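> What follows is a single structure, and I will ask about it in a moment.
The values are calculated or read from the model by the stated rules, or taken from the named source; none is laboratory data. Remember, it's a predicted structure, so these values are computed and weren't measured experimentally. FYI the Cβ positions are ideal-geometry reconstructions off the backbone, even for glycines, and counts take in every protein chain you see. Side chains are part of the model used for accessible areas, which takes the heavy atoms of the whole protein and leaves out ligands, DNA and RNA. Shrake-Rupley method; radii C 1.70, N 1.55, O 1.52, S 1.80 Å.
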Amino acid sequence: PHISSNIKINSNATVLSFHKSSNSHWLWHGYKKIHIIGFPKFYKKWITLIKNYKKYDILDNYILIYTRKIDVHNYMDEDTYLYLLIKSYNKIRNIFPSSKIIIKIHPREEINYIRNIITSNNMQNIEVSTLHASLLAKRAKLIISFWTSAIFDSLSLNIPSIEFYREPKNFRKFEPEGSLHKKMGIHYSSDDKGLVNFLKLVEQNKYREPDIIKEFKEFINL
């Protein structure tokens with residue numbers, strides 16, 4: 001993620017990083033000490049806690065979408081948001097016509113905004129949720145993520161996941177390397193064709209876990 005230039009970097013501080021692939025990022029920003037601790041979302045105790053928390057286990061095999069807030073930094077503009085959400089809905093309905101869709105909104109996202117999109121586009125069998133990303137992910141058939149770290153909640157629980165994201169106009173001003181999730185080898189698409197290919201992989205039981213996710217799990221379980 002981008003670190004604003006007005007933040008003072010303490011070069012003596014130790015960065016607790018989740019993977020060696022992030023080292024160049026921290027070094028570039030002036031940090032000299034890096035300690036790799038693994039990704040907490042993949043810790044066994046956390047995953048066990050999530051799996052054993054049954055309070056909200058009502059549905060099963062739904063399709064989950066992680067959205068993100070439209071913001072002034074151009075990580076997500078309105079045109080991109082509408083494109084991603086409507087394309088996701090339509091392609092899901094083409095391949096999984098009877099599956100319920102749950103949208104996990106960003107904590108700072110306006111819930112009525114997305115409800116208006118659902119109503120105005122006559123989207124059926126769909127609801128909006130504010131539950132924790134992991135609690136929603138664990139019983140899902142698959143996850144579509146609009147460029148958010150919540151994708152690791154679902155990947156830690158072995159749920160097929162894809163980052164479906166089209167970069168807004170000024171995105172590279174804030175993220176010059178583009179999506180780090182894509183660079184890490186997580187399933188990614190910027191268009192509906194790639195999204196359809198992913199959905200078919202899941203439908204045909206041909207989805208394979210990204211190698212980087214295997215590394216996260218192996219490192220933590222050493």
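> Of the numbered conditions (1) touching a helix residue (DSSP H, G or I) at 6+ places or on another chain (Cβ under 6 Å); (2) farther than 11 Å from L64 by Cβ, A133 fails exactly one; give the number of that condition.
Every condition holds for A133 apart from (2).
> Among the listed residues K182, K169, K214, identify the single one that is closer than 16 Å to K41 by Cα, open to solvent by 30 Å² or more (accessible area, probe 1.4 Å) and of a type in the set (K, R).
Answer to the check: K214.
> Hey, another quick one. Hey, among N61, N112, N116, N125, which residue is touching a residue at least 60 places away in the same chain (Cβ under 8 Å) and polar (S, T, N, Q)?
N61
> When the residues of the range 99-151 are narrowed to those that are charged (D, E, K, R) and either closer than 16 Å to L84 by Cα or in contact with a strand residue (DSSP E or B) (Cβ under 9 Å, 6 or more places away or on another chain) (or both), which ends up modelled with the lowest pLDDT?
E109
> If I filter the range 167-197 down to residues being among the hydrophobic types (A, V, I, L, M, F, W, C) and closer than 22 Å to F216 by Cα, which single residue comes out as modelled with the lowest pLDDT?
So the residue we want is L180.
> Determine, yes or no, whether K100 is charged (D, E, K, R), open to solvent by 40 Å² or more (accessible area, probe 1.4 Å) and touching an Asp or Glu at 6+ places or on another chain (Cβ under 6 Å).
no
> Any idea which residue in the range 103-116 is nearest to R172 (Cα to Cα), counting only those that are surrounded by fewer than 18 Cβ atoms within 10 Å (Cβ to Cβ) and charged (D, E, K, R)?
My answer is R108.
> So which residues in the range 133-152 are more than 8 Å from the chain's Cα centre (by Cα) and farther than 18 Å from V196 by Cβ?
Listed by number, the residues that qualify are A133, S134, L135, L136, A137, K138, R139, A140.
> Same structure, new question: Counting just the residues of the range 197-209 that are out of contact with any strand residue (DSSP E or B) (no Cβ under 6 Å at 6 or more places or on another chain) and buried (at least 17 other Cβ atoms within 10 Å of the Cβ), which one comes out farthest from D153 (Cα to Cα)?
Among those residues, the one meeting the criterion is L199.
> Give the residues of the range 154-166 that are touching a residue at least 40 places away in the same chain (Cβ under 8 Å), buried (at least 20 other Cβ atoms within 10 Å of the Cβ) and within 16 Å of R68 (Cα to Cα), sorted by residue number.
S154, F164, Y165
> Which of the residues that make up the range 64-97 are farther than 23 Å from E203 by Cα, open to solvent by less than 10 Å² (accessible area, probe 1.4 Å) and not polar (S, T, N, Q)?
M76, Y81
> With (1) hydroxyl-bearing (S, T, Y); (2) within 20 Å of Y43 (Cβ to Cβ); (3) in contact with a strand residue (DSSP E or B) (Cβ under 7 Å, 6 or more places away or on another chain) as the list, and Y188 as the residue in question, which single condition is left unmet?
The single condition Y188 does not satisfy is (2).
> Another question, if that's okay. Can you name the residue in the range 117-130 that is of a type in the set (S, T, N, Q) and over 21 Å from the mean Cα position of the chain (by Cα) and is also surrounded by the most Cβ atoms within 10 Å (Cβ to Cβ) among such residues?
N121
> Also, I was wondering about something else. Identify the single condition in (1) open to solvent by less than 100 Å² (accessible area, probe 1.4 Å); (2) farther than 24 Å from K104 by Cβ that W28 does not satisfy, given that it satisfies every other one.
Failed condition: (1).
> Also, quick follow-up: Quick one: in the range 37-50, of everything that is in contact with a Phe, Trp or Tyr (Cβ under 7 Å, 6 or more places away or on another chain) and surrounded by 15 or more Cβ atoms within 10 Å (Cβ to Cβ), which residue is farthest from L136 (Cα to Cα)?
Among residues in the range 37-50 that are in contact with a Phe, Trp or Tyr (Cβ under 7 Å, 6 or more places away or on another chain) and surrounded by 15 or more Cβ atoms within 10 Å (Cβ to Cβ), the one farthest from L136 (Cα to Cα) is G38.
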